[in-house]
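As C-alpha coordinates, the structure follows; a few thoughts come after it.
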Amino acid sequence: MKNRSNMLVTKEFKFSAAHFLTQYHGQCEYLHGHNYRLQVTIQGPKFKNGMVVDFGILKKVVKEKVIDKLDHKNLNDFLKNPSAENIAVWIWGKLKDFGNLLKQEQSDPNVPEDLKKIINNDSSTIKKEVNSEGIKLYEIKLWETDENCIIYRG
Ligand SMILES: [Zn+2]
(Lines give C-alpha, C1' and ligand atoms only; values in the text may rest on other atoms or scores of the structure.)
Protein backbone atom coordinates (compact mmCIF):
# COMPACT_ATOMS: atom_id res chain seq x y z
CA MET A 1 0.00 0.00 0.00
CA LYS A 2 1.24 3.44 -0.86
CA ASN A 3 2.04 5.69 2.08
CA ARG A 4 0.39 9.05 2.33
CA SER A 5 2.37 11.28 0.08
CA ASN A 6 4.91 13.61 1.55
CA MET A 7 4.59 17.11 0.24
CA LEU A 8 6.88 20.10 0.26
CA VAL A 9 5.44 23.53 0.99
CA THR A 10 7.53 26.62 0.32
CA LYS A 11 6.95 30.20 1.33
CA GLU A 12 9.11 33.12 0.31
CA PHE A 13 10.17 36.08 2.48
CA LYS A 14 12.28 39.18 1.97
CA PHE A 15 14.46 41.12 4.36
CA SER A 16 17.20 43.74 4.17
CA ALA A 17 20.27 43.59 6.34
CA ALA A 18 23.84 44.83 6.66
CA HIS A 19 26.93 42.73 7.19
CA PHE A 20 30.63 42.40 6.61
CA LEU A 21 32.68 39.24 6.32
CA THR A 22 35.43 38.71 8.87
CA GLN A 23 37.22 35.79 7.19
CA TYR A 24 37.50 37.33 3.76
CA HIS A 25 39.71 39.80 1.96
CA GLY A 26 38.02 41.86 -0.71
CA GLN A 27 35.01 44.13 -1.05
CA CYS A 28 32.87 42.08 1.30
CA GLU A 29 35.11 42.71 4.31
CA TYR A 30 33.59 46.21 4.45
CA LEU A 31 30.13 46.94 5.82
CA HIS A 32 27.46 46.73 3.10
CA GLY A 33 23.87 45.59 2.68
CA HIS A 34 21.79 43.04 0.80
CA ASN A 35 18.14 42.57 0.00
CA TYR A 36 17.91 38.91 0.96
CA ARG A 37 15.29 36.51 -0.33
CA LEU A 38 14.49 33.53 1.89
CA GLN A 39 12.56 30.43 0.89
CA VAL A 40 11.49 28.16 3.73
CA THR A 41 10.35 24.66 2.76
CA ILE A 42 8.34 22.47 5.10
CA GLN A 43 7.82 18.75 4.53
CA GLY A 44 4.87 16.77 5.74
CA PRO A 45 1.83 14.71 4.96
CA LYS A 46 -1.34 16.30 3.62
CA PHE A 47 -3.89 16.33 6.40
CA LYS A 48 -7.63 15.77 6.18
CA ASN A 49 -8.20 19.50 5.75
CA GLY A 50 -6.26 19.24 2.49
CA MET A 51 -3.21 21.10 3.77
CA VAL A 52 0.29 20.28 4.97
CA VAL A 53 0.59 23.57 6.80
CA ASP A 54 -1.50 26.69 6.60
CA PHE A 55 0.42 29.39 4.70
CA GLY A 56 -0.82 31.97 7.19
CA ILE A 57 0.65 30.10 10.15
CA LEU A 58 3.88 29.38 8.27
CA LYS A 59 4.18 33.10 7.59
CA LYS A 60 3.53 34.01 11.23
CA VAL A 61 6.12 31.56 12.60
CA VAL A 62 8.88 32.55 10.16
CA LYS A 63 8.18 36.26 10.61
CA GLU A 64 8.39 36.05 14.41
CA LYS A 65 11.34 33.66 14.67
CA VAL A 66 13.46 34.90 11.76
CA ILE A 67 12.40 37.93 9.73
CA ASP A 68 11.69 40.26 12.67
CA LYS A 69 15.15 39.43 14.06
CA LEU A 70 17.06 39.98 10.79
CA ASP A 71 15.26 42.75 8.93
CA HIS A 72 17.07 46.11 9.02
CA LYS A 73 19.71 44.74 11.38
CA ASN A 74 23.49 44.58 11.27
CA LEU A 75 24.00 40.82 11.16
CA ASN A 76 27.48 41.16 12.66
CA ASP A 77 25.80 42.20 15.93
CA PHE A 78 24.84 38.56 16.57
CA LEU A 79 26.71 36.45 14.02
CA LYS A 80 30.48 36.21 14.14
CA ASN A 81 30.92 35.92 10.39
CA PRO A 82 27.56 36.38 8.63
CA SER A 83 28.25 34.75 5.30
CA ALA A 84 25.10 33.58 3.51
CA GLU A 85 26.07 30.04 4.56
CA ASN A 86 26.25 31.00 8.24
CA ILE A 87 23.00 32.98 8.05
CA ALA A 88 21.28 29.94 6.54
CA VAL A 89 22.54 27.77 9.43
CA TRP A 90 21.31 30.38 11.94
CA ILE A 91 17.87 30.42 10.30
CA TRP A 92 17.78 26.61 10.34
CA GLY A 93 18.46 26.70 14.07
CA LYS A 94 15.51 29.03 14.64
CA LEU A 95 13.07 26.88 12.65
CA LYS A 96 14.38 23.32 13.00
CA ASP A 97 11.84 22.46 15.66
CA PHE A 98 9.05 23.44 13.30
CA GLY A 99 6.63 20.75 14.44
CA ASN A 100 6.70 22.11 17.99
CA LEU A 101 6.54 25.72 16.82
CA LEU A 102 3.39 24.76 14.96
CA LYS A 103 1.91 23.13 18.07
CA GLN A 104 2.56 26.34 20.02
CA GLU A 105 0.64 28.23 17.37
CA GLN A 106 -2.37 26.00 17.97
CA SER A 107 -2.64 27.32 21.51
CA ASP A 108 -1.55 30.87 20.68
CA PRO A 109 -4.46 33.25 21.37
CA ASN A 110 -3.04 35.58 18.72
CA VAL A 111 -3.82 33.16 15.92
CA PRO A 112 -6.64 34.75 13.92
CA GLU A 113 -10.06 33.20 14.59
CA ASP A 114 -10.51 31.89 11.05
CA LEU A 115 -7.18 30.07 11.20
CA LYS A 116 -7.97 28.70 14.64
CA LYS A 117 -11.21 27.28 13.26
CA ILE A 118 -9.32 25.45 10.52
CA ILE A 119 -6.86 24.00 13.03
CA ASN A 120 -9.50 23.03 15.59
CA ASN A 121 -11.65 21.30 13.00
CA ASP A 122 -8.85 18.88 12.46
CA SER A 123 -6.86 19.18 15.66
CA SER A 124 -6.79 15.47 16.46
CA THR A 125 -5.27 14.70 13.09
CA ILE A 126 -2.77 17.53 13.31
CA LYS A 127 -1.66 16.57 16.81
CA LYS A 128 -1.31 12.94 15.89
CA GLU A 129 0.73 13.71 12.80
CA VAL A 130 2.96 16.20 14.60
CA ASN A 131 3.68 13.62 17.28
CA SER A 132 4.52 10.83 14.86
CA GLU A 133 6.18 11.50 11.54
CA GLY A 134 4.74 14.95 11.44
CA ILE A 135 5.77 18.15 9.85
CA LYS A 136 9.38 19.13 9.66
CA LEU A 137 11.68 21.74 8.25
CA TYR A 138 13.04 20.47 4.95
CA GLU A 139 15.12 23.22 3.42
CA ILE A 140 16.35 26.78 3.81
CA LYS A 141 17.14 28.59 0.59
CA LEU A 142 18.76 31.97 1.08
CA TRP A 143 19.35 34.31 -1.86
CA GLU A 144 21.96 36.94 -1.09
CA THR A 145 21.66 38.44 -4.58
CA ASP A 146 19.50 37.56 -7.58
CA GLU A 147 22.25 35.26 -8.80
CA ASN A 148 23.64 33.72 -5.60
CA CYS A 149 21.88 31.41 -3.21
CA ILE A 150 22.64 28.91 -0.47
CA ILE A 151 20.60 25.77 0.05
CA TYR A 152 20.81 24.17 3.51
CA ARG A 153 19.05 21.03 4.64
CA GLY A 154 20.33 20.79 8.21
ZN1 LIG B 1 27.62 40.76 1.41
| task | Output the number of residues of the range 29-50 satisfying the condition of being more than 24 Å from residue 154 (Cα to Cα) and either at pLDDT below 90 or among the hydroxyl-bearing types (Ser, Thr, Tyr) (or both). | result | 5
| task | Would you tally the residues in the range 52-88 being without any contact (Cβ under 8 Å) to a residue 40 or more places away in the chain and over 19 Å from residue 154 (Cα atoms)? | result | 5
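Which count do you get for residues in the range 3-34 that are touching a Phe, Trp or Tyr at 6+ places or on another chain (Cβ under 8 Å) and either of a type in the set (D, E, K, R) or under 22 Å from residue 79 (Cβ atoms) (or both)?
Within the range 3-34, residues that are touching a Phe, Trp or Tyr at 6+ places or on another chain (Cβ under 8 Å) and either of a type in the set (D, E, K, R) or under 22 Å from residue 79 (Cβ atoms) (or both) number 11.
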| query | Would you pick out the residues in the range 29-72 that are surrounded by 16 or more Cβ atoms within 10 Å (Cβ to Cβ) and more than 23 Å from residue 138 (Cα to Cα)? | reply | 34
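The values are calculated or read from the model by the stated rules, or taken from the named source; none is laboratory data. Please read these numbers as outputs of a predicted model, since none were measured by experiment. A quick note on method: Cβ atoms are made from the backbone with ideal geometry, for glycine too, and the neighbour counts reach across all protein chains shown.
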